[in-house]
Amino acid sequence: MQHRYQIIQADWTVTVNADFEVLHDFSVVVEDNRIQTLIANDQVMELPCYTQAEIISLPGCALMPGLVNSHTHASMSLFRGLADDLPLMQWLTDHIWPAEARWVDAEFTADGFRLAAAEMIRSGTTCLSDMFYCPDEAARCAQQIGMRSVIGLIVLDFPSVWAQNADEYLHKALAVHDEIRELPLVSSAFAPHAPYTVSDEPLRQIAMYSSELDVPVHMHVHETAAEVAEAQQKTGQRPLERLDQLNLLNPNLIAVHMTELDEFEIERVAEAGVNIAHCPESNLKLASGICPVSTLLDRGVNVCLGTDGAASNNDLDLLGEMRTAAMLAKGSSGNASACNARQAIEMATINGARALGMADQIGSIEPGKLADLIALDLTSLNTQPLYDPVAQIAYAASSRQVSHVWIDGVPQLRDFEFCQLDSDEIIATAAGWANKIKS
Ligand SMILES: [Zn+2]
């Protein structure tokens, strides 16, 4: 078989490897969909593949691993701006859940997913972890677009367009898990929505299946103080304690939000190896609370980043989320060293990969890993002069500076233009939905 070689030469390669090496004047050699090697520019001509390779020269750019959005509801991008300036439960019960009941179907899921994926690719995200209805449709859409995705297999107690009760959700979750195993860019996670929307029995079964199949569990947990207080009032237990009794606190769990944690719970999640998906902009916008990221990082907890859905953010820009996370960690801990530039970049890349069980495949630029790569053009006014590309990426660069994106070795963005997606068509489709929904 004929191999395809791409040699990407950026001024800086921010590897995000274990030593967080930043290489200057290096070539990243991609063979088909994998990174073959990293080699100094003055030696790359000696490689046997050099003569047949496509050379992509990126002066003034930094190459880094593609960003990993560890928590989103991609298709909800069609509800962006539908209801704002409200607290979580009012936003959910008065606006989002009724809108979902009225509008969501397979077509909505696919069109919303496409809009979200395009926005994410444009802003440097190469892998997303989703939670929404019609996960089979989202999976097919992800594969067709070429977006690496971990599709959440939604489970709830109450009926929706997708299923009528917890048993049916679980049954369909397992069926979709089997169905999408064949799709190379897509994998799955169980996605019980939250402790307050899923009862003990389905959670017990999810814990069992997750352990048997080694599949992550993606769940909103301790999103607000009110959620925790209400659970305590109803059951005498904090939700995290209940999840612990149901055998869900382990390295397969991606607990989203976690704004409300006491000292004992921080120790417990650290000990259990629970991953935490921090969504600072959604938490700030809904006034949900603040995840104690600085303390969690100090205790060695794997904290990754998510945008949440565009209906509560309201964008899907993970580079912006990274900066908000760093600023919020510093401001809330009173420590300017908290969540430093390196940690912020790790949260948006390798930590997300680790949470999704994919750290051996994506999240850093290392030989053997899949070629999920992005380039940022740092020649703009706002990233000059350039002492340190890491500081510029974490604290100054905007997602508009993402110039190139590869997913699985396939170019998705080249010189700021989509290679595969038709953004005019995607925007027109979104506008069509807005006309229907607002009428
Ligand atoms: Zn969410």
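The values are calculated or read from the model by the stated rules, or taken from the named source; none is laboratory data. These figures come from a predicted structure and were not determined experimentally. Cβ sites come from the backbone with ideal geometry, for glycine too, and all protein chains shown count toward neighbours.
A few notes on this one:
- The lone criterion from (1) in contact with a helix residue (DSSP H, G or I) (Cβ under 6 Å, 6 or more places away or on another chain); (2) outside any strand (DSSP E or B); (3) of a type in the set (Ser, Thr, Tyr) left unmet by Ser27 is number (2).
- Matching residues in region 78-89 - criterion: being within 16 Å of the ligand (Cβ to nearest atom) and either aromatic (Phe, Trp, Tyr) or without any contact (Cβ under 8 Å) to a residue 60 or more places away in the chain (or both): Phe79
- Scanning region 30-68 for residues that are assigned to a helix (DSSP H, G or I), touching a residue at least 24 places away in the same chain (Cβ under 8 Å) and among the hydrophobic types (A, V, I, L, M, F, W, C) yields a total of 2.
- Verdict on Ser75 being touching a Cys at 6+ places or on another chain (Cβ under 7 Å) and within 16 Å of the ligand (Cβ to nearest atom): no
- Of the candidates Thr307, Thr295, the single residue that is assigned by TED's automatic domain parsing to the domain that holds Ala226 and either aromatic (Phe, Trp, Tyr) or over 19 Å from the mean Cα position of the chain (by Cα) (or both) is Thr295.
- Selection of region 71-88 for residues being part of a helix (DSSP H, G or I) and modelled with pLDDT of 90 or more yields Ala74, Ser75, Met76, Ser77, Leu78, Phe79.
- The criterion of being part of a helix (DSSP H, G or I), out of contact with any Leu (no Cβ under 9 Å at 6 or more places or on another chain) and among the polar types (S, T, N, Q) does not hold for Ser337.
- Of all the listed residues (Thr259, Thr224, Thr235), the sole one being modelled with pLDDT under 95 and either within 16 Å of the ligand (Cβ to nearest atom) or hydroxyl-bearing (Ser, Thr, Tyr) (or both) is Thr235.
- Verdict on Leu92 being within 13 Å of the ligand (Cβ to nearest atom), closer than 14 Å to Leu286 by Cβ and over 18 Å from the mean Cα position of the chain (by Cα): yes
- Cβ-Cβ distances below 7 Å connect the following pairs, each with a first residue in region 222-237 that is at positive phi and assigned by TED's automatic domain parsing to the domain that holds Met89, a second residue that is hydrophobic (A, V, I, L, M, F, W, C) and within 16 Å of the ligand (Cβ to nearest atom), and a separation of six or more residues or different chains: His222/Met258.
- You will find that of Gly66, Gly60, the residue that is under 20 Å from Asp130 (Cα atoms) and more than 16 Å from the ligand (Cβ to nearest atom) is Gly66 and no other.
- Evaluation of Gln43 against the conditions (1) loosely packed, with under 13 Cβ neighbours inside 10 Å; (2) among the polar types (S, T, N, Q); (3) in contact with a strand residue (DSSP E or B) (Cβ under 6 Å, 6 or more places away or on another chain) shows that the sole unmet condition is (3).
- Considering (1) surrounded by 24 or more Cβ atoms within 10 Å (Cβ to Cβ); (2) more than 24 Å from Glu281 (Cβ to Cβ); (3) touching an Asp or Glu at 6+ places or on another chain (Cβ under 6 Å), the lone condition that Leu63 does not fulfil carries the number (3).
- Any chance Ala394 is free of Cβ contacts under 8 Å to residues at least 60 places away in the same chain and not β-branched (Val, Ile, Thr): no
- Asp377 without any contact (Cβ under 8 Å) to a residue 12 or more places away in the chain, more than 16 Å from the ligand (Cβ to nearest atom) and outside the structural domain of Thr93 (by TED's automatic domain parsing): no
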